[in-house]
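In what follows, a single structure is set out as structure tokens and then discussed.
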Number of protein chains: 4
Amino acid sequence: MMKEPDEFIAKGRLDAITDGVFAFAMTLLVVNLDLPEGFNPTTSGELLAALARLADTFIAYIVTFLMLALFWLERAHTKEEPETASGAYAWTVLLHLFFVTLLPFSMIVAGRYELVPAIWIYGGNLILLALTAIATTLVIERDTGHRLVASGRVEFSLLITSALLSMAIGVFAPDSAMYAYFLNFAGPLVRRWAIATS
Amino acid sequence: MMKEPDEFIAKGRLDAITDGVFAFAMTLLVVNLDLPEGFNPTTSGELLAALARLADTFIAYIVTFLMLALFWLERAHTKEEPETASGAYAWTVLLHLFFVTLLPFSMIVAGRYELVPAIWIYGGNLILLALTAIATTLVIERDTGHRLVASGRVEFSLLITSALLSMAIGVFAPDSAMYAYFLNFAGPLVRRWAIATS
Amino acid sequence: MMKEPDEFIAKGRLDAITDGVFAFAMTLLVVNLDLPEGFNPTTSGELLAALARLADTFIAYIVTFLMLALFWLERAHTKEEPETASGAYAWTVLLHLFFVTLLPFSMIVAGRYELVPAIWIYGGNLILLALTAIATTLVIERDTGHRLVASGRVEFSLLITSALLSMAIGVFAPDSAMYAYFLNFAGPLVRRWAIATS
Amino acid sequence: MMKEPDEFIAKGRLDAITDGVFAFAMTLLVVNLDLPEGFNPTTSGELLAALARLADTFIAYIVTFLMLALFWLERAHTKEEPETASGAYAWTVLLHLFFVTLLPFSMIVAGRYELVPAIWIYGGNLILLALTAIATTLVIERDTGHRLVASGRVEFSLLITSALLSMAIGVFAPDSAMYAYFLNFAGPLVRRWAIATS
């Protein structure tokens, strides 16, 4: 019945690798915001025109940074967690981090190519991030034996909804699909309303 | 009146992601300091000539590292903060980190192209960093209910002044605009003078 | 007989650099998952075909992320360690980190070229990771004077076996060699069985 | 006489940014170990030949990783430091970190071009790392008012000696200059001898 001691790892270490992966993924996004090599503008107009062509990638970068910030905040919120993490807990977090490291790639694809598969890859990546975050919550609730207050259920449902909406918009108007993610900033409002009516 | 518990996150986590993003942004700057691919010098003179052509990017790199160091120090100074961070506090920090991640891009643009829009993008990025840092101070002061001693007001005002000066110089002499930022190293002197005369 | 005080460093610092290197190595892997520059698909079919060509690199990326997660977990598990680290302990960890930083390179080589030396470089890198991890365990056991429960002996033996298997498969069928590493996910099962029968 | 409170920052934060910058710099080194784009070997021989051409960069990478490990260990050793860092202490550490972020660039230059200026840039970078590390020790000794046991004086003197030696060798035989740095691994021996004879 008793788990062997090595099944647990310090939560502080799991937080450290989580913060490291998020911090690096956030910073790495900007590497994709680049002007073509050998580009050598001689007038301000030429430079501004080249920067304007980066607009789609810039929007993808803002959306992706905000999504990472949202996911990181949800992870950092959950404070009722035990000091030691079970193997299942560690693996759901590591699986979540895998999709965090994948997000810069999905962002490049979605920012560069306004085609249905690009929008769907990005949406799919975010849905997998939400599902692994929900899995972490469920594992913590199983490990601690009680329901978390700050479970992120409202936020993750909203995120999955916005991703599905973006993927649907992507079929008809791929160049507008990224805007669906701004819906997530209704999150705090929705949660307050959920708390108020509960 | 009472805020719900999930509105707070541990300040330690916010510090960790702040330190992570600053550390990566600082280290990432050097990636832009690169000799052309396929460049194959056979004499020391050729290599030195190629290195000399990197001088503008090198100055932009030094300035940017020092700016990041200044902003990081201001964030690390503020020690009267509560152990838990409110949602507003976390979001102003994350918004600040967004402009930290953007700075390597602005540095490339300012280092490569000596044109007005390049200087203005860099100056604008630094002003947004200062404004989000000031916003963080204001949120902490609101949350704790008292004015911070180490508020960074003098430093951030000086930084915004130097950025505006650099942007003004940029209109007439874009290749000298980066030097305006060295004005910030008068910061400690100005603060000591401000303390001495207050 | 007594060691001088400077021979020891705080274990917290060693954990911090370990978590940092693992976090960056994990996130850096995705940089290698890139579509060719100048690629400009006009139809969804073209984009999907280009993504399909990344399949080998994607499998190498998944395997490498999981290997890094396994090694990180083994390091984070070992909790019976003293609070201060001896010089020998620090150097075995730093040597282990050297092979962590090398892994993204080995992954590129193994993901791009389906040739025997590529498979052998990747396998060799993993074996060196396992050997330095075992060396760390041995140094800790020498320093503390007792055998660690969570020593990772079963996991590392399995990992070396899977690497040797992959290298053997690589001689005959280089394109299937990476799959041998999924054997490591039998690790928890093998360990449970080892505990049950011991 | 009394310093104002905001002149101090938590040493923990300074350690965190130090560990972050070192971890990222160590991991970034491998990015420079790359096979040419578009290289598509069909036989093992071709791949091995291409890998052999990376030998110089690989040696530069090993030396650089070990140098970073040495500097990091020296920073992590010094444990008699106060819990709060003075402004002077923070700035010497940040200056040290600047030269840490510059090292991957110096490594590329030294690894690619076997010319005197390349060897001198690398040597100069390491000497500046040693001098800023010594400056940190001096500032700590001034702040705490006593001499540190683990001051790194022996190690840093040896490092500067090896860098000067490498720069001298570089004038006559640039392709052997990097090997001078392995002299640093005599460090522990020299220190033990220095302690034994003192």
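A few notes on this one:
- Element breakdown for the protein assembly as shown at a 1.4 angstrom probe: carbon and sulfur atoms account for 68% of the accessible area.
- Summing +1 for each Lys or Arg and -1 for each Asp or Glu among the other residues whose beta-carbon sits under 15 angstrom from that of C:Leu115 gives -3.
- Largest GNM mean-square fluctuation across D:Gly145, D:Gly124, D:Gly45, computed for chain D with C-alpha springs under 10 Å, falls on D:Gly45.
- Average accessible area per residue (Å²) across chain B - probe 1.4 Å, nucleic acids and ligands excluded: 40 Å²
- The region of chain D that goes longest without hitting one of the GluC sites (Glu not before Pro) in a DSSP loop, each with at most 16 other Cβ atoms within 10 Å, is D:115-198.
- Environment charge at C:Asp175 (Cβ cut-off 9 Å; Lys +1, Arg +1, Asp -1, Glu -1): -2
- Residues of segment B:101-130 with amide N under 17 Å of the 7 Å Cα→Cβ point at B:Leu183: B:119-130
- At least 50 Å² of accessible area lost relative to the chain alone, listed for segment D:96-143 with a 1.4 Å probe: D:Phe98, D:Thr101, D:Phe105, D:Tyr113, D:Leu115, D:Pro117
- For chain A, the relative contact order comes to 23 percent (Cα pairs under 8 Å, sequence separation of at least 6).
- In chain C, the longest principal axis of the Cα atoms and the axis of helix C:87-112 are about 10 degrees apart.
- Trypsin sites (Lys or Arg not before Pro) within segment A:5-66: DSSP coil, no more than 14 neighbouring Cβ in 10 Å: A:Arg53
- Prolate/oblate/rounded label for segment D:54-148 (Cα gyration tensor, a/c 1.5): prolate
- Above 26 Å, the calculated P(r) of chain A contains 41 percent of its Cα-Cα pairs.
- Area hidden from solvent between A and C (accessible, protein heavy atoms only, 1.4 Å, total, Å²): 3300 Å²
- With the alpha-carbon atoms of the protein assembly as shown aligned to their principal axes, the span from lowest to highest coordinate is 58, 58, 53 Å, starting with the largest.
- Helical mean residue ellipticity (222 nm; -39500 (n - 2.57) per DSSP H run of 4+; nearest 500) of chain D: -23500 deg cm²/dmol
- Chain C: most fluctuating residue of C:Ile121, C:Ile62, C:Ile169 per GNM, C-alpha cutoff 10 Å: C:Ile62
- Neighbour-limited loop hits for trypsin sites (Lys or Arg not before Pro), segment D:99-192 (at most 11 other Cβ within 10 Å; DSSP other than H, G, I, E, B): D:Arg147
- GNM top mover of A:Leu128, A:Leu35, A:Leu164 - chain A, alpha-carbon springs below 10 Å: A:Leu35
- Here the calculated FRET efficiency for B:Leu165 and D:Leu165, from their Cβ-Cβ distance with R0 = 35 Å, stands at 0.15, rounded to the nearest 0.05.
- Counting only alpha carbon atoms, the long axis of helix A:153-172 and the longest principal axis of chain A meet at about 30°.
- Axis of helix A:55-77 versus longest Cα principal axis of chain A: the two differ by about 10°, to the nearest ten degrees.
The values are calculated or read from the model by the stated rules, or taken from the named source; none is laboratory data. Small disclaimer: the values here were computed from a predicted structure and weren't measured. Neighbour counts run over all protein chains shown; Cβ positions are idealised from the backbone, glycine included. Side chains are part of the model used for accessible areas, which takes the heavy atoms of the whole protein and leaves out ligands, DNA and RNA. Shrake-Rupley method; radii C 1.70, N 1.55, O 1.52, S 1.80 Å.
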